[in-house]
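The values are calculated or read from the model by the stated rules, or taken from the named source; none is laboratory data. Everything numeric here is computed off the predicted structure, so don't read it as measured data. Backbone-built Cβ (ideal geometry, glycine too); neighbour counts: all protein chains shown. Ligands, DNA and RNA are stripped out before the accessible areas are found, and what is left, the full protein with its side chains, is counted by its heavy atoms. Shrake-Rupley method; radii C 1.70, N 1.55, O 1.52, S 1.80 Å.
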Amino acid sequence: MSDSVVVAGAVCDGGRLLAARRSAPPELKGRWELPGGKREPGESGEQALVRELREELGVEAEPLERIPGEWPLKPGLVLRVWMVRLVSGEPSPLEDHDELRWLAPEEADSVDWLDQDRPAVTEAVRRLREA
Ligand code: 523
């Protein structure tokens with residue numbers, strides 16, 4: 001059976017990257033992530049990401065290119081990440097998060113990212129610096 005997929009977005013706007021602080025579960029609360037969630041049956045990764053960012057942040061967003069690679073979360077579950085352009089709306093922590101922060105590239109290490117998100121964050125910041 002193929003792995004289930006958690007999709008996440010490196011949401012960028014104005015040269016900064018959006019970081020979201022998880023409010024649950026207890027073992028992840030307080031850690032920062034690229035926002036996203038589990039892909040549902042019948043969805044593409046991009047469709048799942050658009051839905052998750054709408055539900056969690058109240059924004060319309062456009063997935064751009066996928067960051068190459070995938071990162072294991074637990075057996076049978078992997079993380080995939082896309083660069084994302086904000087199309088409309090101002091992100092608010094509607095679901096799953098209790099704080100959001102826009103980070104300039106030099107601030108990217110100022111939050112305690114989930115371990116599995118770090119490689120994609122590094123790559124997203126590299127791309128932001130180049131843009
Ligand atoms: N991660 C993770 N990084 C990351 C996300 C969005 C999620 O490591 N950027 C992990 C955290 C959880 C698992 O992936 O262990 C599922 O993420 P979650 O809880 O945000 O996905 P949901 O909300 O779709 O999951 P359910 O509430 O279980 O439906």
For this session: State which residue pairs qualify: first residue within 12 Å of the ligand (Cβ to nearest atom) and inside the range 69-85, second residue at pLDDT below 95 in any location, beta carbons under 6 Å apart, and separation of 6 or more residues or different chains.
Result: GLY76/ASP3; VAL78/ASP3
Problem set entry | Hits in the range 88-107 (condition: more than 15 Å from ALA10 (Cβ to Cβ) and either surrounded by 12 or more Cβ atoms within 10 Å (Cβ to Cβ) or polar (S, T, N, Q) (or both)) | SER88, GLY89, SER92, PRO93, LEU94, GLU95, ASP96, HIS97, ASP98, GLU99
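Quick one: would you say ARG66 is open to solvent by 30 Å² or more (accessible area, probe 1.4 Å), over 23 Å from PRO93 (Cβ atoms), of a type in the set (D, E, K, R) and away from the ligand (no atom under 12 Å from the Cβ)? Can you show your working first?
Values: open to solvent by 30 Å² or more (accessible area, probe 1.4 Å): yes; over 23 Å from PRO93 (Cβ atoms): yes; of a type in the set (D, E, K, R): yes; away from the ligand (no atom under 12 Å from the Cβ): yes.
For ARG66, the condition - open to solvent by 30 Å² or more (accessible area, probe 1.4 Å), over 23 Å from PRO93 (Cβ atoms), of a type in the set (D, E, K, R) and away from the ligand (no atom under 12 Å from the Cβ) - is met.
Looking only at the range 101-111, decide whether some residue is at positive phi and more than 15 Å from the ligand (Cβ to nearest atom).
No.
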For this session: Return yes or no: is GLU106 free of Cβ contacts under 8 Å to residues at least 40 places away in the same chain, closer than 17 Å to ARG126 by Cα and more than 12 Å from the chain's Cα centre (by Cα)?
Result: yes
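Hey, can you tell me all the residues within the range 59-68 that are part of a strand (DSSP E or B) and either within 17 Å of ASP117 (Cα to Cα) or touching a residue at least 24 places away in the same chain (Cβ under 8 Å) (or both)?
Of the range 59-68, the ones part of a strand (DSSP E or B) are 60-68.
Passing the criteria: GLU60, ALA61, GLU62, PRO63, GLU65, ARG66, ILE67, PRO68.
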For this session: Considering only the range 1-49, give the strands (runs of 3 or more DSSP E) lying wholly within it that have at least 1 residues that are near the ligand (Cβ under 9 Å from one of its atoms) and within 17 Å of SER110 (Cα to Cα).
Result: 16-22
For this session: Look through LYS74, LYS38 and report the one residue that is under 12 Å from the mean Cα position of the chain (by Cα) and surrounded by fewer than 21 Cβ atoms within 10 Å (Cβ to Cβ).
Result: LYS38
